[in-house]
1. Tell me the label-point distance for the pair D48, L60, using the 7 Å Cα-to-Cβ offset, in nm and rounded to one decimal.
2. What percent of all Cα-Cα pairs in the chain falls into each 10 Å bin, going from 0 up to the bin containing the maximum distance?
3. Kindly express, to the nearest 10 degrees and within the range 0 to 90, the angle between helix 68-84's C-alpha long axis and the longest C-alpha principal axis of the chain.
4. Give me the extension gain from D29 to E41: residue separation times 0.36 nm, minus the current Cα-Cα distance, reported in nm with one decimal.
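All of the numbers you see were taken from the coordinates with simple rules; none came from a lab. It should be emphasised that the depicted structure is a prediction, and the values quoted were computed from it without experimental measurement. Every residue, glycine among them, receives a Cβ derived from its backbone with ideal geometry; neighbour counts consider all protein chains shown.
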Amino acid sequence: MISDEQVRRAVEYLRKAESDAVSLPSGSDPAAAEMVGRVVESLKEVPDVRVDRIAHARLLMAEDLPSADELASKLIGRVLSDSVR
């Protein structure tokens, strides 16, 4: 579960990253382009659904559910944190 501190750090990073964005320029080192291609291909093999997370969610749903505010806060925090990765 993501903490408020992790969300704060993610927001700070995203603000800084917008000004420091680095991209692979066209005509750059072929080895770098090949590596990026291999990473993209590897990511395509990662499953869209993690069975262990679904099982954990089912267990949590058997308990009391969080309030709408708590849920919204965690969802927004997760989106911000994931965009940093």
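1. Going from the D48 label point to the L60 one covers 2.1 nm.
2. Reading the bins upward from 0: 13, 27, 34, 18, 6, 1.
3. 20 degrees
4. Working: separation 12, 0.36 × 12 = 4.32 nm, distance 1.88 nm.
Once the chain is fully extended between D29 and E41, it gains 2.4 nm.
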